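Let me begin by presenting the structure, written as structure tokens, before commenting on it.
Read-outs: derived from the displayed coordinates by stated rules, not from any lab. Not measured: the values here are computed from a predicted model. Positions of Cβ are generated from backbone atoms using ideal geometry, with glycine treated the same way; all protein chains shown enter the neighbour counts.
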Amino acid sequence: MKRVLENIENQFEMFQILNEKGEVVNEDAMPDLSDEDLKEIMRRMVYTRILDQRSIALNRQGRLGFYAPTAGQEASQLGSQFALDKADFILPGYRDVPQLIWQGLPLYQAFLFSRGHFKGNQMPEGVNAVSPQIIIGAQITQAAGVGLGFKKRKEDAIAITYTGDGGASQGDFYEGINFAGAFGAQAVFVVQNNQFAISVPVDKQSAAQTIAQKAVAAGIEGIQVDGMDVLAVYAATKEARQRAVDGDGPTLIETMTYRYGPHTMAGDDPTRYRTEDMDSDWEEKDPIVRFRKFLESKDLWSEEEENKVIEQAKEEVKAAIKEADNTPKQKVTDLMENMYEEMPSNLQEQYEEYKEKESK
């Protein structure tokens, strides 16, 4: 049995296209992307890094509520999202707001989500997604159901869901991938292994050498990808999507990545469980720096272009937070009306009381 396990583990070598110097090390796996596609991916990563910096500042100013930093995970998040079609359905975790934004969620609504405002959870027409899941791993079983729905309808679309390495320790994770495998759901499960579930290192969560190998028990495809390499993430997701719509079943993708900031802005202190050496090692793998080097080697990117994206992001964040500020505040009666189509008799009296208070 030990040899069997070792043989399984040896099958999950990390898939990579660009090394840390931005050099192509797997020419055969290079995705078919135009120069404009490559530049657009870079624009999105730079924009998202600035959005993260501004969101952290807004949180510290008390202008945002719950916020989970994303710096370091741009390649994992945006490389996978860029591989999707508009018809695909995203079921994100709470760190996965960038994917929703690039799928079509207006930025001001992302800010309203952070504030707990109901309008931040209302996806615009044509944006196939649900609001970010706060309960760890719950979106995984939901994605299996959405993916099965696409299969039954014979639609050319998939469900894609995201969680962290901590989510892969939840019962919902195993139930979701097992159900998806058993019924051939058109789904892709992305586990962004940023090395720590809040503060618990991944090697304390599981004896398995990789999260990707857990696909074997569910009878589905599994792959471990360099999550700091946006081209590798894109290529793996694109192939997984095609397999799903072709009827070849779901895929589990483990992206090896790192969050540079705290788990959330709600008091987490990563210096208590991460070393400076670890932070430094991962900073050398920065997905934006790596991709910048690649594009510069092809004369596709410049400092001037990057500065334009940075200024655009700053201006759009400023406009979006202003729009969020101008959105009428959520009322208690809003909460009750959104919860119930018909108000229960035991709440009707409270509803009338709050309605009177809010009218003054």
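Just a few scattered comments:
- The angle between the Cα long axis of helix 345-359 and the main principal axis of the chain comes to about 80°, on a 0 to 90 degree scale.
- Degrees between helix 171-183 axis and first principal axis of the chain (Cα, 0 to 90, nearest 10): 70 degrees
- Summed residue charge, Cβ within 12 Å of TYR273's Cβ, Lys/Arg positive, Asp/Glu negative: 0
- Taking a ≥ b ≥ c as the square roots of the eigenvalues of the alpha-carbon gyration tensor, the stretch 239-360 is classed prolate because a/c is 1.5 or more and a/b outweighs b/c.
- Burial ordering of SER131, SER345, SER206, fewest other beta-carbon atoms within 10 Å first: SER345, SER206, SER131
- Among LYS86, LYS293, the order by Cβ neighbours within 10 angstrom, fewest to most, reads LYS86, LYS293.
- Beyond 30 Å in Cα-Cα separation lie the following of the pairs LYS285/LYS322; LYS238/LYS293; LYS21/LYS318; LYS21/LYS238: LYS285/LYS322; LYS21/LYS318.
- Extension gain for LEU335 to GLN61 (0.36 nm times residue separation, less C-alpha to C-alpha distance): 96.1 nm.
- Summing charges over all other residues whose Cβ lies under 14 Å from the Cβ of LYS151, with Lys and Arg as +1 and Asp and Glu as -1, gives 0.
- Going from the fewest other Cβ atoms within 10 Å to the most, the residues MET256, MET45 appear in the order MET45, MET256.
- For the chain, the longest principal axis of the C-alpha atoms and the axis of helix 230-245 are separated by about 80°.
- Three-way shape call for the stretch 2-329 based on the alpha-carbon gyration tensor, with the a/c threshold at 1.5: rounded
- Residue-wise HN-Hα coupling along the stretch 258-272, computed from phi with Karplus coefficients 6.51, -1.76, 1.60 (Hz; x: Gly, Pro): 7, 9, 6, x, x, 4, 9, 8, 8, x, 5, 10, x, 5, 7
- Charge dipole (Cα centre; +1 on Lys/Arg Cβ, -1 on Asp/Glu Cβ; no other charges) of the chain amounts to roughly 820 debye.
- In nm, spacing of pseudo-spin labels at ASP156 and GLN122 (7 Å Cα→C-beta vector): 3.3 nm
- Computed over the chain, the per-residue total of -39500 (n - 2.57) for DSSP H runs of n ≥ 4 gives a 222 nm mean residue ellipticity of -15000 deg cm²/dmol, rounded to 500.
- Considering only the chain, percent of DSSP beta bridges that pair antiparallel, nearest 5: 10 percent
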